[in-house]
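Before any comments, here is the structure.
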Amino acid sequence: CPFQIHSSNFPDDFYNNIITKGYLAFDSELLLKIESSIARSLYTLIEKWRNYDLYLKRPAFFFARRVPLSWDKRQLKRTISIIEKAFMELKELKLIKEFNIIKNKKWDLAEVEIIFDEIHNKIKRNFLFRKIGI
């Protein structure tokens with residue numbers, strides 16, 4: 001048989017790191033349901049950043065730079081609108097519970113807060129466990 005099955009034992013600290021971080025892999029079917037490439041990028045970012053926290057808050061600049069979107073002062077409102085539209089898609093797909101864009105006097109200081117439900121952690125945990133064979 002040309003295929004061999006290998007069994008590995010992970011050291012406890014390595015295994016615990018994978019379980020607590022929870023971003024070993026993403027569900028490809030779920031990612032394909034996200035139509036916007038920007039929403040897809042934001043989803044993978046927030047899932048990595050949040051670990052299993054149900055609340056995440058970051059400057060809008062962080063999202064724009066990592067997607068990447070322009071952070072030109074003349075087009076900040078447009079960039080924020082693009083980010084908002086992407087988060088609306090994630091909310092409609094029930095991948096996040098809620099989000100708020102907080103202006104903070106000027107758009108270049110805007111922050112995005114994202115709220116998750118405990119069900120999001122269960123889905124994430126179940127997918128991870130299936131991937132590593134638990």
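Values in this text are rule-based calculations from the coordinates and carry no lab data. Because the structure is predicted, anything quoted here is derived from the model rather than measured. Here Cβ is always computed from backbone atoms with ideal geometry, including for glycine, and neighbour counts include all displayed protein chains.
In sequence order, region 44-61 has phi-based couplings of 5, 4, 5, 5, 6, 5, 7, 6, 10, 5, 9, 9, 9, 9, 9, x, 4, 3 Hz under the Karplus curve 6.51 cos²θ - 1.76 cosθ + 1.60, θ = phi - 60°, and Gly or Pro positions carry x.
Computed over neighbours whose Cβ is under 9 Å from that of residue 112, the net charge equals -1, Lys and Arg +1, Asp and Glu -1. When the C-alpha to C-alpha distance is required to be over 21 Å, the pairs from 48/103; 48/105; 33/124; 57/103 that qualify are 48/103; 48/105.
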